[in-house]
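Here is the structure we will look at.
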Amino acid sequence: MQFADLRSVLVECAGDLEDTDLTEAALDRLFTDLGYDSLAILETAAAVGQRYGVELRDEDVAEAVTPRAFLLLVNRSLATAAQGTPS
């Protein structure tokens with residue numbers, strides 16, 4: 001999953017926040033600083049899970065507080081799923 005994919009899902013789930021500049025420069029900013037609350041991130045995780053066929057545990061999603069951390073979580077889960085072992 002790339003940043004553009006994450007941005008697309010965030011916009012689908014939480015809308016395009018007018019005062020948020022969600023670019024790759026924001027990879028290490030907290031989701032809360034970008035205007036996304038925990039519900040928006042959980043909805044994004046569910047959408048990513050459906051779209052990419054991976055299950056993201058709520059506890060892991062809660063710890064992924066930046067876009068970079070979220071992408072690492074998703075990509076690690078995808079790699080684990082590709083190897084055929086549970087995440």
* Asked: With springs only between Cα atoms under 10 Å, which of V54, V11, V65 fluctuates most in a Gaussian network model of the chain?
  -> V11
* Asked: GluC sites (Glu not before Pro) within segment 11-82: which are DSSP loop residues with at most 10 other Cβ atoms inside 10 Å?
  -> E18
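Taking the Cα centre of the chain as the origin, how large is its charge dipole in debye, to the nearest 20, when only Lys and Arg (+1) and Asp and Glu (-1) carry charge on their Cβ atoms? The partial results should precede the final answer.
Values: 6 positive and 16 negative charges, 90 e Å.
Roughly 440 debye for the chain.
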* Comparing A25, A46, A14, which has the greatest mean-square fluctuation in the GNM of the chain with Cα pairs linked when under 10 Å apart? -> A25
* Structure fact -> With the dipole of the chain defined by +1 on each Lys or Arg Cβ and -1 on each Asp or Glu Cβ, the option from L73, Q83, T23 whose Cα lies farthest towards the positive pole is Q83
* Structure fact -> D33 and A82 label points (each 7 Å along its Cα→Cβ direction) are spaced in nm at 3.1
* Structure fact -> Checking the chain for trypsin sites (Lys or Arg not before Pro) in a loop per DSSP with at most 13 other beta-carbon atoms within 10 Å yields R57
* Structure fact -> Carbon and sulfur atoms account, in whole percent of the 1.4 Å probe accessible area of the chain, for 48
* With the Cα gyration tensor of the chain giving a ≥ b ≥ c as the square roots of its eigenvalues, does the rule (a/c under 1.5 for rounded; else a/b larger than b/c for prolate; else oblate) give rounded, prolate or oblate? -> prolate
* To do: Leaving out ligands and nucleic acids, note down the accessible area per residue over the chain with a 1.4 angstrom probe, in whole Å².
  => 60
* To do: Choose one of A62, Q2, I41: the residue whose Cα lies farthest towards the positive end of the charge dipole of segment 1-70 (beta-carbon charges +1 Lys, Arg; -1 Asp, Glu; about the Cα centre).
  => Q2
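The values are calculated or read from the model by the stated rules, or taken from the named source; none is laboratory data. For clarity, every value in this text was computed on a predicted model and none was experimentally measured. Note that each Cβ is placed from the backbone with ideal geometry, even for glycine, and that neighbours are counted across all protein chains shown. Side chains included, ligands, DNA and RNA excluded: accessible areas come from the protein's heavy atoms. Shrake-Rupley method; radii C 1.70, N 1.55, O 1.52, S 1.80 Å.
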